[in-house]
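The values are calculated or read from the model by the stated rules, or taken from the named source; none is laboratory data. Small disclaimer: the values here were computed from a predicted structure and weren't measured. Backbone-built Cβ (ideal geometry, glycine too); neighbour counts: all protein chains shown. Heads up: the accessible areas ignore ligands, DNA and RNA and are worked out on the full protein's heavy atoms, side chains in. Shrake-Rupley method; radii C 1.70, N 1.55, O 1.52, S 1.80 Å.
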Amino acid sequence: MGSQNVKLLSFLLSPIGHRVEWALKLKGVDYEYIEEDIFNKSNLLLKLNPVHKKVPVLVHNQKPIAESLIILEYIDQTWKQYPLLSQHPYQRALARFWGTVADKIAKTSWVAMCCSGDEQENNVKEAREVMDKIEEEIKGKKFFGGDNIGYLDLAFGWIPYWLPVWEEVGSMQIVDPLRHSAISAWITNFLTHPVIKDSLPPRDKMLVYSHRRKAEFSSTPRG
Amino acid sequence: MAASQEEVTLLGVTGSAFVCRVQIALKLKGVEYKYVEENLGNKSDLLLKYNPVYKKVPVFVHNEKPIPESLVIVEYIDETWKHNPILPSDPYQRALARFWSKFIDDRVVGAAWKAVYTVDEEEREKNVEESFEALQFLENELKDKKFFGGEEFGLVDIAAVYIAFWIPIFQEIGGLELFTSENFPKLYKWSQEFVNHPVVKESLPPRDPVFAFLKRRYESLSASK
């Protein structure tokens, strides 16, 4: 029930799009994947997400849903196997709160990669401070979701695989293996999970893409 | 399981739209709570303990368990006290409600503030345009509904209290004609309906002190130019 007519419009290199793919794969939901060229946005994307014109967009029974964490909640409510969120309101609230942190710090880390000098330093500092807090959250747990990957693991899923690329491109360090040993252990758990490890994009493409975006950022005048 | 009313606390500041969102939700559900006024210039140990990541209000504490972020808090309140629902039960409708609430935070809140509280004229104009565009999306989304939530107000309406009460204050201070009945007839009508709803009316802060505070901030900004 509900597995027919599921489409995902996304971009191969997007960590945010991957959150949704991982969720669908963990739940064993069949879907049609449609790759979007984000440098040349399709009419389909503009029709499905006229407000933000961004991927990912999930379409279920012809109804589009945008915003990755909102999509995760929709997926979790629609397909009940392999629950991503706890049944307890307080645990759900904590997961949602940390989800907002995950989004904010992904953006901060990305911007840190793109800029330089003092601006980079400030962004790196902010990201590192939050990493210290995330370290406390994951201590003693295999995954943020407990024994299994959950909503928050997917929300933080950019850290294990995308962040190292951004750190390389931006010549910076945000996760410190010595200082963030619990995060580092979680990174290994996450990347070796059968569903995750078979669904990561090619690193060389990620490097090329990140360099391109960094160059564009520097050349675009910003108010 | 009945929620213990003696152990509900809200840390906030008077005049904050985000704190107001939580107060509206609590009033709607008839939940009694202890209110703690924070001084953001001198944050309490309690606030720093309960929201170490952002150190901001509102923070909601239920049976000693803290939750920050206004929209996360409102969803928690909705899941804990089930009468007078704030979110719809249908998963797709819930997704839409969350989408538009997030839209308000991402595309309206910052832009509307900067449309007035920015010294650089070009930057300010850019934010006026962005605010206009964002409000247009909401105008289209509202259509002919009484509230975003339908016959009764819901999550999006609560998130949009910023538009209904705070944006008119900013624009009066800044001499801006952005959110008017000419520009946004449906949204404007909604805002009047919303601020006069008994639950909302009782949850809004008194306008004059908020106006005075925000006007002082505006004046000190211009003075620093």
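Points to keep in mind about this one:
- The residue of the range A:36-72 that is nearest to B:F137 (Cα to Cα), among those that are among the small types (G, A, S) and surrounded by 19 or more Cβ atoms within 10 Å (Cβ to Cβ), is A:A66.
- For the range B:50-84, a residue qualifies if it is under 11 Å from B:L10 (Cβ atoms), in a strand (DSSP E or B) and facing another protein chain (nearest Cβ under 8 Å), and the qualifying residues are B:H62, B:I67.
- Near pairs, Cβ below 9 angstrom, 6+ apart or cross-chain, from the range A:204-223 (within 14 Å of chain B (Cβ to nearest Cβ)) to any residue that is modelled with pLDDT of 85 or more and open to solvent by less than 90 Å² (accessible area, probe 1.4 Å): A:G223/B:D120; A:G223/B:E123
- Residue under evaluation B:Y188, criteria (1) more than 30 Å from B:S224 (Cβ to Cβ); (2) among the hydroxyl-bearing types (S, T, Y); (3) within 14 Å of chain A (Cβ to nearest Cβ), criterion not met: (3)
- Taking the range B:113-225 as the region of interest, the helices (runs of 4 or more DSSP H) fully inside it that hold 2 or more residues being without any contact (Cβ under 8 Å) to a residue 60 or more places away in the chain, of a type in the set (K, R) and open to solvent by 10 Å² or more (accessible area, probe 1.4 Å) are B:121-142, B:185-195, B:207-223.
- Test: B:K43 is assigned to a helix (DSSP H, G or I), open to solvent by 70 Å² or more (accessible area, probe 1.4 Å) and away from every other protein chain (no Cβ under 14 Å): no
- Here A:L44 passes the criteria (1) within 13 Å of chain B (Cβ to nearest Cβ); (2) closer than 18 Å to A:G17 by Cα except the one numbered (1).
- Qualifying residue in the range B:93-109 (condition: surrounded by fewer than 19 Cβ atoms within 10 Å (Cβ to Cβ), farther than 21 Å from B:R217 by Cα, more than 19 Å from the chain's Cα centre (by Cα) and more than 9 Å from chain A (Cβ to nearest Cβ)): yes
- Pair list, Cβ < 6 Å and 6+ apart or interchain, from the range A:90-101 residues that are within 7 Å of chain B (Cβ to nearest Cβ) to residues that are assigned to a helix (DSSP H, G or I) and open to solvent by less than 20 Å² (accessible area, probe 1.4 Å): A:A93/B:V72; A:A93/B:Y76; A:R96/B:V72; A:F97/B:V72
- Within the range A:93-120, being under 14 Å from A:D153 (Cα atoms) and surrounded by fewer than 20 Cβ atoms within 10 Å (Cβ to Cβ) holds for A:T100, A:D103.
- Taken over the range A:60-80, the residue count meeting the criterion of being more than 9 Å from chain B (Cβ to nearest Cβ) and of a type in the set (F, W, Y) is 1.
- Cβ pairs under 7 Å, 6+ apart, first in the range A:49-75 and farther than 21 Å from B:S89 by Cα, second β-branched (V, I, T) and open to solvent by 30 Å² or more (accessible area, probe 1.4 Å): A:V55/A:I38; A:P56/A:I16
- Within the range A:121-144, the set of residues being open to solvent by 50 Å² or more (accessible area, probe 1.4 Å) and either in contact (Cβ under 8 Å) with a residue 60 or more places away in the chain or more than 10 Å from chain B (Cβ to nearest Cβ) (or both) comprises A:E121, A:N122, A:K125, A:E126, A:R128, A:K139, A:G140, A:K141, A:K142.
- Among the residues of the range B:66-107, the ones that are in contact (Cβ under 8 Å) with a residue 24 or more places away in the chain and either hydrophobic (A, V, I, L, M, F, W, C) or at positive phi (or both) come to 12 in all.
- Any helices (runs of 4 or more DSSP H) falling wholly within the range A:82-201 and containing at least 3 residues that are of a type in the set (S, T, Y): A:89-114, A:181-192
- Scope the range A:1-41; condition at pLDDT 95 or above and among the hydroxyl-bearing types (S, T, Y); matching residues: A:S10, A:S14, A:Y31, A:Y33
- Flag for A:V169 being over 28 Å from A:E35 (Cα atoms) and buried (at least 18 other Cβ atoms within 10 Å of the Cβ): no
- Selection of the range B:126-158 for residues being facing another protein chain (nearest Cβ under 10 Å) and either closer than 13 Å to B:L176 by Cβ or aromatic (F, W, Y) (or both) yields B:N127, B:F137.
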